[in-house]
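What follows is one structure encoded as structure tokens, with my remarks underneath.
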Amino acid sequence: MAPRALWKGFLKVAELSCAVGLYAAVSRAERISFHMVDRASGQRVARQFVDEETGAEVPREDQVKGYETGAGDYVVLEPDEIAAVVPDSTKTLPVEAFLACDDIDPLYFDMPYYLAPADRAAGKAFALIREVMAARKVAALARTVLFRRVRTVLIRPQGAGFIATTLHYDYEVRSADAAFEDLPEIKVQGEMLELAEHIIKTKSGSFDPAAFDDRYEAALAELVKAKLEGRKVRAPKPAATGKVVDLMDALRRSAGRDAPASGGTKRATKRASATKTAAKTATKSASKAKSKAKTTSKPAAKAAAPARRKAG
């Protein structure tokens with residue numbers, strides 16, 4: 001059964017147009033969801049809106065939106081006033097420009113959708129637009145009213161159809177300057193750079209979404225199953241985290257190369273070597289003393305033998 005289109009309209013390129021449908025590309029419906037319940041009765045609880053000052057419940061018909069202008073001061077907006085400023089939908093997706101597929105920073109990507117022909121009659125024009133865009137390796141920028149707001153949409157060829165991604169507005173995307181302004185300027189070179197490049201090269205791979213599992217979701221599913229079966233679920237032990245003492249040492253070990261001792265490691269190695277040498281010297285001295293004691297005791301034993309015979 002074909003999925004239900006979230007929006008239907010017309011994709012328009014100059015005078016060429018075709019009927020299209022917008023379909024959800026991602027869904028969170030499969031995630032485990034919870035309801036709030038009363039622990040004592042096991043029944044679901046209902047949410048109520050109350051006046052912050054009086055604590056009295058506010059009926060639904062008296063609930064309106066308000067914009068805060070100061071502490072406790074609001075501009076009240078009635079539903080019909082808000083509805084009056086919602087832009088009218090033209091049900092068209094007019095292409096304003098074509099650009100290279102990687103010209104837009106992914107930071108501006110919002111929500112992806114599938115764009116497909118709305119009916120069989122639109123198939124030919126749709127395929128023509130898709131094939132030309134794929135051959136030219138371009139994406140299309142369009143603007144239309146989606147879900148009560150004017151949205152900018154990036155349309156890119158994907159398989160037999162398009163991926164239509166709504167884009168964030170410029171005011172919604174924060175500048176990276178504030179996040180990176182305190183970072184010191186560090187020039188990396190020499191063996192450190194070579195080792196890092198080697199590690200990246202040996203770790204090169206490809207993205208396979210099936211290889212990444214949602215561990216939290218799996219843990220929740222196991223918890224629910226255990227509760228149904230009357231079992232207890234033991235929390236996993238946290239993984240041990242080691243401290244990186246020396247960056248170069250960590251790089252060499254990551255690259256599979258023997259890391260020479262440095263800093264504290266060198267001092268520890270010297271101390272261990274000195275202790276080992278001292279232990280060997282002490283062992284040799286003890287061995288010599290024992291040998292000398294045996295040699296000295298032999299004449300004494302011979303001299304004592306006649307005395308013992310005479311006494312007998």
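The values are calculated or read from the model by the stated rules, or taken from the named source; none is laboratory data. Since the structure is predicted, the reported quantities are computational estimates derived from the model, not experimental observations. Glycine gets a Cβ as well: all are built from the backbone with ideal geometry, and neighbour counts include every protein chain shown.
Structure notes:
- Residue count for the stretch 126-158, restricted to those that are of a type in the set (Gly, Ala, Ser) and surrounded by fewer than 18 Cβ atoms within 10 Å (Cβ to Cβ): 3.
- Test: residue 19 is closer than 30 Å to residue 155 by Cβ and not in a loop (DSSP other than H, G, I, E, B): yes
- Residues within the stretch 179-199 that are in a helix (DSSP H, G or I), modelled with pLDDT under 85 and loosely packed, with under 10 Cβ neighbours inside 10 Å, tallied: 1
- Among residues of the stretch 67-96 being of a type in the set (D, E, K, R) and assigned to a strand (DSSP E or B), the one that is nearest to residue 142 (Cα to Cα) is 96.
- Residue 130 falls short of the stated requirement of being closer than 19 Å to residue 18 by Cβ, assigned to a strand (DSSP E or B) and charged (D, E, K, R).
- Subset of the stretch 217-235 [out of contact with any Asp or Glu (no Cβ under 7 Å at 6 or more places or on another chain) and either among the polar types (S, T, N, Q) or surrounded by 10 or more Cβ atoms within 10 Å (Cβ to Cβ) (or both)]: 217, 218, 219, 220, 221, 222, 223, 224, 225, 226, 227, 231
- For the stretch 102-119, a residue qualifies if it is part of a loop (DSSP other than H, G, I, E, B), out of contact with any Phe, Trp or Tyr (no Cβ under 9 Å at 6 or more places or on another chain) and either surrounded by 14 or more Cβ atoms within 10 Å (Cβ to Cβ) or among the β-branched types (Val, Ile, Thr) (or both), and exactly one does: 104.
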